[in-house]
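A short write-up of the structure that comes next.
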Amino acid sequence: MSPAESSTGALGRLRLMQLVSPARPIGAFTSPQGFEWAVEAGWVNDSTTLSDWLEGLLEDGLTHLVLPVLCRLFHACKDADPD
């Protein structure tokens, strides 16, 4: 594997991590639903609002974005489909 191919693969993995996990530091600071933004926007200001925010993030984020994307990625990898 050439250095360019290795770099391209690393960049692809980095972008995938940004997409699928706003809980990771790489995504939390860039995501509009990141924790820092939730506090700044006033969505989270105590344990009750934190619990509600986390519940909504898990329910809505996982079911409507993350799981469908991961499912599509899984099938693409299984079928060796680069698109």
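Points worth noting:
- FRET efficiency, ARG13 to GLU55 (Cβ-Cβ, R0 41 Å, nearest 0.05): 0.90
- Extended-chain gain in nm, criterion 0.36 nm per residue less alpha-carbon gap, GLU40 and PHE74: 8.7 nm
None of the figures in this text is laboratory data; all of them are computed from the coordinates on show. In this text, all values refer to a predicted model and were calculated from it rather than measured experimentally. So basically every Cβ, Gly included, is an ideal-geometry build from the backbone, and we count neighbours across all protein chains shown.
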